[in-house]
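The values are calculated or read from the model by the stated rules, or taken from the named source; none is laboratory data. Everything quoted here is computed from the prediction, not taken from an experiment. Here the Cβ positions follow ideal geometry from the backbone for every residue, glycine too, while neighbour counts run over all protein chains shown. Areas reflect the complete protein model, heavy atoms only, side chains present, ligands, DNA and RNA absent. Shrake-Rupley method; radii C 1.70, N 1.55, O 1.52, S 1.80 Å.
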Amino acid sequence: MLYHVRMDVRVPDDIDAAQFEALKAAEKARAQALQREGTWRHLWRIAGEYANVSIFDLPDHDALHAILSTLPLFPFMQVTVTPLARHPSAID
Ligand SMILES: O=C(O)C[C@H]1C=CC(=O)O1
């Protein structure tokens, strides 16, 4: 099942710089591992925002929640999920 996911990252102004760098590095490693295994199909930066639009391929909502809620930056994200269904006019 495919999910359109928007992640808006909002970190506190007073976050420790080293802690933030460590979180970003951990997030990057996790995101790249999930892309390599095919779970995180697309990852796009929204131009001009600290936000992304992603496509995830997972069996169900519970599996998606398990992934999203364990991302290192999850405590600092607002996440908006849209489940996708096949469009009848799609050719692929
Ligand atoms: O930068 C972001 O959009 C947040 C998050 C998603 C993937 C990643 O590496 O960081």
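Some observations on this one:
- The set of residues from the stretch 13-33 being loosely packed, with under 13 Cβ neighbours inside 10 Å and among the acidic types (Asp, Glu) comprises ASP13, ASP14, ASP16, GLU21.
- Taking the chain and the strands (runs of 3 or more DSSP E) fully enclosed by it, the elements with 1 or more residues that are within 14 Å of the chain's Cα centre (by Cα) and basic (Lys, Arg) are at 2-9, 40-45.
- Test set (1) within 14 Å of the ligand (Cβ to nearest atom); (2) open to solvent by 40 Å² or more (accessible area, probe 1.4 Å); (3) acidic (Asp, Glu) - ASP62 fails condition number: (1)
- From the options ARG36, ARG41, residue that is open to solvent by 90 Å² or more (accessible area, probe 1.4 Å) and in contact with a strand residue (DSSP E or B) (Cβ under 9 Å, 6 or more places away or on another chain): ARG41
- Restricting attention to the stretch 72-86, the residues that are of a type in the set (Phe, Trp, Tyr) and either exposed (fewer than 12 other Cβ atoms within 10 Å of the Cβ) or farther than 15 Å from TRP40 by Cβ (or both) add up to 1.
So that you can scan it fast, the table gives a plain yes or no per residue for (1) among the acidic types (Asp, Glu); (2) without any contact (Cβ under 8 Å) to a residue 60 or more places away in the chain:
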{"residue": "THR39", "(1), (2)": "no, yes"}
{"residue": "ARG45", "(1), (2)": "no, yes"}
{"residue": "TYR50", "(1), (2)": "no, yes"}
{"residue": "VAL53", "(1), (2)": "no, yes"}
{"residue": "ASP60", "(1), (2)": "yes, yes"}
{"residue": "PHE76", "(1), (2)": "no, no"}
{"residue": "THR80", "(1), (2)": "no, no"}
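- Failed criterion for ARG10 (all others in (1) open to solvent by less than 40 Å² (accessible area, probe 1.4 Å); (2) in contact (Cβ under 8 Å) with a residue 12 or more places away in the chain; (3) on the phi < 0 side of the Ramachandran plot hold): (1)
- On the stretch given as the stretch 35-49, residues that are under 16 Å from LEU71 (Cα atoms) and near the ligand (Cβ under 9 Å from one of its atoms) total 2.
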